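**Student:** Dropping the structure in here first, questions after.
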Amino acid sequence: MSKHHASKTHDPVESSARTLDLVTKGARDGAADARRAAARTWDATSLFASRFVYSTCYSLSYGVVFPAMLLAGAIPRNNEAVRGLIDGAHAAIHRVDQLRGLSIDAAVPAPSSA
């Protein structure tokens, strides 16, 4: 064979090695792209979930507090109804504190008589 003809021959081992290198590089680049896409998706999903939770809680809070305050503003002050509401609220807070063990004068269970 001539020298010129030998340079044009196809070496299957070299061709396979180049193909394998190309496939490996493609897999590596594809994995890196997938990681970046997953990170962007996670960030977008987290942002959506945060906004959804915030909006839901805000709407619930507004929907409860606004009518309650509107009603409270409509009740005349310094009368028996208002004093009863205030005393009832204080008693409820005190009882919740007792149940949670936060009150100083929390009820201590009586010892059992055996």
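The numbers here are math on the coordinates, done by the rules we state, and not lab data. Quantities reported herein were computed from a predicted structural model and do not represent experimental measurements. Here the Cβ positions follow ideal geometry from the backbone for every residue, glycine too, while neighbour counts run over all protein chains shown.
**Student:** Give the shape of the stretch 12-74 as rounded, prolate or oblate, defined through the alpha-carbon gyration tensor: a ≥ b ≥ c are the square roots of its eigenvalues, a/c under 1.5 means rounded, and otherwise the shape is prolate if a/b is larger than b/c and oblate if not. Walk me through the numbers before you get to the answer.
**Tutor:** Values: a/c = 16.06, a/b = 12.89, b/c = 1.25.
Judged from the Cα gyration tensor, the stretch 12-74 comes out prolate (a/c at least 1.5, a/b above b/c).
**Student:** Right, next: What's the local net charge at LYS25, with K and R +1, D and E -1, over the other residues with C-beta under 13 Å away?
**Tutor:** Values: positive: ARG18, ARG28; negative: ASP21, ASP29, ASP33.
That works out to -1.
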